[in-house]
Amino acid sequence: GRGKEAMPHSETLTQQAEKLPAEERHVDAYEMLGNMHLQAGNEAKAREVWSRGLPRHPGHAGLTSRLGQK
């Protein structure tokens with residue numbers, strides 16, 4: 001219920017993660033932020049977030065499956 005309030009914080013988390021070496025624990029931020037955008041009705045933004053995460057976490061099942069969804 002507080003997705004819109006959490007989006008800026010999640011965006012900050014992904015931006016911070018992008019400045020660090022990729023770690024498995026960072027992938028959750030991409031999944032969560034993308035999911036929030038999808039729930040808010042912005043599929044294009046969700047796919048953009050998941051796409052940003054995939055090069056850092058190649059082959060990650062969650063990101064891969066989300067990007068495969070239509």
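Of Met32, Met36, all but one fail to be open to solvent by 50 Å² or more (accessible area, probe 1.4 Å) and not in a loop (DSSP other than H, G, I, E, B); the exception is Met32. Only a single item in (1) open to solvent by 70 Å² or more (accessible area, probe 1.4 Å); (2) among the small types (Gly, Ala, Ser); (3) at pLDDT 90 or above is not met by Ser51, and it is number (1).
In the set (1) open to solvent by 60 Å² or more (accessible area, probe 1.4 Å); (2) modelled with pLDDT of 90 or more; (3) charged (D, E, K, R), Lys70 fails one condition alone, (2).
Which ones in the stretch 39-64 are aliphatic (A, V, I, L, M) and either farther than 17 Å from His9 by Cβ or not in a helix (DSSP H, G or I) (or both)? Matches in the stretch 39-64: Ala40, Ala44, Leu54, Ala61, Leu63.
Restricting Ala44, Ala6, Ala17, Ala22 to those that are among the aliphatic types (A, V, I, L, M) and exposed (fewer than 11 other Cβ atoms within 10 Å of the Cβ) reduces the list to Ala44.
The values are calculated or read from the model by the stated rules, or taken from the named source; none is laboratory data. Fair warning: this is a prediction, and the values are worked out from it, not measured in the lab. A quick note on method: Cβ atoms are made from the backbone with ideal geometry, for glycine too, and the neighbour counts reach across all protein chains shown. These accessible areas exclude ligands, DNA and RNA; they are computed on the full protein's heavy atoms, side chains included. Shrake-Rupley method; radii C 1.70, N 1.55, O 1.52, S 1.80 Å.
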